[in-house]
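The next block holds one structure in the form of structure tokens; read it before the comments.
The values are calculated or read from the model by the stated rules, or taken from the named source; none is laboratory data. Please read these numbers as outputs of a predicted model, since none were measured by experiment. Ideal geometry is used to build each Cβ from the backbone, glycine not excepted, and the neighbour counts take in all protein chains shown. The protein model used for the area step is the full one, side chains on, heavy atoms only, and it has no ligands, DNA or RNA in it. Shrake-Rupley method; radii C 1.70, N 1.55, O 1.52, S 1.80 Å.
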Amino acid sequence: MRWVASDDVRLAVFEEGDPGDPTIVLVHGYPDTHRVWDEVAERLRDRFHVVRYDVRGAGASTVPRHTGDYAFHRLAADLAAVLDAIGKPRVHLVGHDWGSLQGWDAVSRPGIRDRIASFTSFGGPGLAQARQFMRHGRRRDVLAQAVRSWYIGAFRLPVLPELAWSTFMPRVLERSMRRDEGLEPRPGHPADTLRSDARNGLRLYRSNMGGHSDRSGSGGGEVVDRLQGGDGGRGGGPAVAVPVQLIEATRDPFVGPALLASLGEGVPKFWHRKIAAGHWVQRSHPDVVARMIAEFATHVDGGAPTRGLRGARVEEGRFKERRKAFDGRLAVITGAGSGIGRATARAFAAHGAEVVCADLDREAAARTADGIAKDLGGTAHAVRVDVADTTQMEDFAGNIRTEYGVPDIVVNNAGIAVSGPFLDHSVDDWRRTLDVNLWGVIHGCRLFAAQMVERGEGGHIINIASLAAFVPSRLLPAYSTSKAAVKMLSDCLRAELAGQGIGVSVICPGFVSTPIAHNATYVGPDMRDSAEQGLARRGYPPERVAAHILRAVHRDQAVVAVNAEGKIGYALSRISPGALRRFARVTGVTRNPPFAR
């Protein structure tokens, strides 16, 4: 630790790592100290020169006398003093909560912004952007954010907030951390100085929010003008030239997604990444946060962008103006050599995704990948894999991660069918059907979900089931059993992975014109020709199923019944399952097998 003087306060500054490495400055929020960054700093210090400091009135730093001494221009002077002490021409700035508010002010403030190579923000919008959002955002979004921000008004009240922090609020904070984020207090967080830090920090709200701010030059009208290019309107010109990475903690109770979605306006170099976490994400997910900070700093310093950064880049500083819906995303699709798998691979590629086309038939997968490159100008790779083989699937998942990265979307589509009465099914018929249709899905979910969880940036898993998952059939006992299991597996997995930001959808198509009837195994009467003709007459193309799959990812839908018979069957399974059982009894072997997909 060393002391740095700034106006009438002394700041406690802490440094780790080699000063010759690129410098990352971590700024904490309210009511924390520099110790909230312990886990992240530990993970960065081998590659970066890491600098932290206690802001004025917090931790070991001294306490200014007046409320006005907490205004933004004083906080900016503190940051400038720390930068002077570091002696580097440019640093990478990271801010959380009030540290993020300070960062947004700094990247728009003359005299400081040129010294910041990049800014990573999470847990706090710029004050000017927040005011613009509250004035011009959609009414329901503004009201929702106002509810989230109730504490701002409470903290500006006289006497009562100080009394609360001196008595019961520290216990409330610890209980909240345990209950909402699964975090246990540890030495340094919450700090031993929490009560005094919280009381002193109340002046951040009183100085910068409300009538004091404009008179103090702290970031009210002055900062609004700077962020808008100085014209007083909503978009005068790019005011933040510094590259900005926004890390959105999706379960942060204090900052809503609509407010965060407005922060990219006026920021030409803007990246938006998400972590399924609460407010203190640097403590709950230190590996992910440290990796994101390091990736961004390295890229800004001239390194190649990672896949995560490529997918997070926001065009023209606006979330809604991404060129294509799945730009920069990696989609892995099994059974991609034909039918629904092939159509889905092409659909994701057409919307910007890089696609891995996996199939037991290597040549069929290659035809799909080649078609994507030639017809769509996309990027696709062909891989052979037997989804029923545990070792092959483990190697497949490991190779995907090594060669292309962790997938953002996985579609477990590979499937086979055996048609005929139950008593004509052999043990091998059952084993092979369950190995491909069920175990193949289990392998895909198990291996790729683990990668997604470790990465910490969410993802989506699509499992292809069938109308047969909820409509019984005398002709498809093994197939229907496997698809019903896939649906239940998907429901269970969706519940487990929701907290990790990973969506799970199960797609249940009715009759689709695919090669499944041609490729099926028939036991008992051979019905191949009639089954193929029936699916061909249905005329429902796999491309329409693919459209439902993309929509399920976009909307994070749980169960998607596709086409008329799929929707009717799903509705009847919930309203009158007895009717479906009676229908199954009267449908005999003279009827076409009800292949779905």
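Of the helices (runs of 4 or more DSSP H) lying entirely inside segment 446-549, the ones with 2 or more residues being within 30 Å of His285 (Cβ to Cβ) are found at 477-497. Taken together, Ala117, Ala154 contain a single residue that is outside any helix (DSSP H, G or I) and more than 18 Å from Ala249 (Cα to Cα), which is Ala117. Between a first residue in segment 570-597 that is over 30 Å from His518 (Cβ atoms) and at pLDDT 85 or above and a second residue that is assigned to a helix (DSSP H, G or I) and among the aliphatic types (A, V, I, L, M), which pairs have beta carbons less than 7 Å apart while being 6 or more apart in sequence or on different chains? Final answer for the pair search is Ala579/Leu572. Per the listing Ala297, Ala331, Ala349, the residue uniquely modelled with pLDDT of 95 or more, in a helix (DSSP H, G or I), more than 30 Å from Val25 (Cα to Cα) and of a type outside the set (S, T, N, Q) is Ala349.
Looking at this structure, is Ala198 in a helix (DSSP H, G or I), open to solvent by less than 20 Å² (accessible area, probe 1.4 Å) and at pLDDT below 95? For Ala198, the condition - in a helix (DSSP H, G or I), open to solvent by less than 20 Å² (accessible area, probe 1.4 Å) and at pLDDT below 95 - is not met. Report, by residue number, each residue of segment 1-31 that is part of a loop (DSSP other than H, G, I, E, B) and either open to solvent by less than 40 Å² (accessible area, probe 1.4 Å) or more than 19 Å from Asn200 (Cβ to Cβ) (or both). Passing the criteria: Met1, Gly17, Asp18, Pro19, Gly20, Asp21, Pro22, His28, Gly29, Tyr30, Pro31.
Within segment 49-77, the set of residues being within 18 Å of Ala297 (Cβ to Cβ) and open to solvent by 10 Å² or more (accessible area, probe 1.4 Å) comprises Arg52 only.
Among the residues of segment 471-481, those that are in contact (Cβ under 8 Å) with a residue 60 or more places away in the chain and either more than 14 Å from Gly420 (Cα to Cα) or of a type outside the set (Gly, Ala, Ser) (or both) comprise Val471, Pro472, Arg474, Leu475, Leu476, Tyr479. Yes or no: segment 223-230 includes at least one residue that is in contact with a His (Cβ under 8 Å, 6 or more places away or on another chain), surrounded by 19 or more Cβ atoms within 10 Å (Cβ to Cβ) and at pLDDT below 95. No, every residue in segment 223-230 fails to be in contact with a His (Cβ under 8 Å, 6 or more places away or on another chain), surrounded by 19 or more Cβ atoms within 10 Å (Cβ to Cβ) and at pLDDT below 95. Beta carbons closer than 8 Å, at least 6 apart along the sequence or on distinct chains, pair a first residue in segment 496-510 that is farther than 7 Å from Val562 by Cα with a second that is open to solvent by 10 Å² or more (accessible area, probe 1.4 Å) and among the hydroxyl-bearing types (Ser, Thr, Tyr) for Gly501/Thr250. Residues in segment 45-65 that are in contact with a helix residue (DSSP H, G or I) (Cβ under 8 Å, 6 or more places away or on another chain) and either part of a loop (DSSP other than H, G, I, E, B) or over 18 Å from Met1 (Cβ atoms) (or both): Arg47, Phe48, Asp54, Val55, Arg56, Gly57, Ala58, Gly59, Val63, Pro64.
For segment 352-392, the set of residues classified as assigned to a helix (DSSP H, G or I) and either under 25 Å from the mean Cα position of the chain (by Cα) or among the acidic types (Asp, Glu) (or both) consists of Glu363, Asp370, Asp375, listed by residue number. In this structure, His554 does not qualify as touching a strand residue (DSSP E or B) at 6+ places or on another chain (Cβ under 6 Å) and either open to solvent by 70 Å² or more (accessible area, probe 1.4 Å) or not hydrophobic (A, V, I, L, M, F, W, C) (or both).
Taken over segment 527-557, the criterion of being of a type in the set (D, E, K, R) and more than 19 Å from Ala336 (Cα to Cα) is satisfied by Arg528, Asp529, Glu532, Arg537, Arg538, Arg555, Asp556.
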